[in-house]
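The values are calculated or read from the model by the stated rules, or taken from the named source; none is laboratory data. Because the structure is predicted, anything quoted here is derived from the model rather than measured. Glycine gets a Cβ as well: all are built from the backbone with ideal geometry, and neighbour counts include every protein chain shown.
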């Protein structure tokens, strides 16, 4: 089935308006979304992310009145969902970070110069000059908020390995049984609501789902700097090392976005004080600033530092999630 992902920039008469909210984002899709917004007031812009929005819910993205010249928005699906990542956006490149962030920069800046930032395509938000606005994220076929909530439960149950026949907003016995089993396995509190359900469904699915590429999730409780090493064993065997990605606590960074082909990808994770949390026996060259280095020989002779990386097994996998805890790389 071909998915049509639509950015519906429309006002809602029936959607809830949280108190003291100027811009409210509503999720009428079956995906957990993470949204970023940018307020543009020449010569600068104020970009913030990520606002987490569970299916069928509305969340405050901006509390201040919408008085800037223009507003931009982008949303992407949670890494916990299986299949290719999906996004809602447009044609305006805006600098963001993988972790929660706030970035102020000039509107005319043509590239993302700060470390650990990259550009994503944002869509223009037409709030019709109003200081308070609510907008929807939609997919086809269109759903109400309540239908999206049930469809979201179904999608996350499927991501957790349950057999769900159809992702839609209609109740069925199989979904009810799967949900009951999940609650029992997770030992849910009798008073746990939908918010707790979606967070646990999402976190458990992230353990099972490895999206295409290489993702690093930081569960150590402190900020980490991450680098990767790869080896091309073709006719011209060449090693390549890249870094640094900043991965904040309780967040993930996607370091490789294309399907993996190597038997192993090599990982280095350092704390902000320079000490190594994840390392190993495979040597690659690194520097103290952002780098991409071809070849792992004669690091010192090239004014580079030789450092040991840990091997992570990726043979036969198109996607891999490396999870880093307080004691290092988790199994």
When restricted to 205, 158, the only residue assigned to a helix (DSSP H, G or I), modelled with pLDDT under 90 and under 22 Å from residue 57 (Cα atoms) is 205
Inside segment 61-86, the number of residues satisfying the requirement of being in contact with a strand residue (DSSP E or B) (Cβ under 8 Å, 6 or more places away or on another chain) and closer than 30 Å to residue 321 by Cβ is 11
*Kindly indicate whether any position in segment 286-301 is modelled with pLDDT under 85, part of a loop (DSSP other than H, G, I, E, B) and either at positive phi or surrounded by 18 or more Cβ atoms within 10 Å (Cβ to Cβ) (or both).*
no
Looking at segment 135-142, can you tell me whether even one residue there is farther than 16 Å from residue 32 by Cβ and at pLDDT 95 or above? yes
Only one of (1) outside the structural domain of residue 63 (by TED's automatic domain parsing); (2) surrounded by 14 or more Cβ atoms within 10 Å (Cβ to Cβ) does not apply to residue 163, and that is (2)
Among 226, 240, the single one that is surrounded by fewer than 20 Cβ atoms within 10 Å (Cβ to Cβ), assigned by TED's automatic domain parsing to the domain that holds residue 297, in contact with a strand residue (DSSP E or B) (Cβ under 9 Å, 6 or more places away or on another chain) and not in a loop (DSSP other than H, G, I, E, B) is 240
inquiry  = Any residue at all in segment 23-39 that's touching a strand residue (DSSP E or B) at 6+ places or on another chain (Cβ under 6 Å) and at pLDDT below 95?
reply    = no
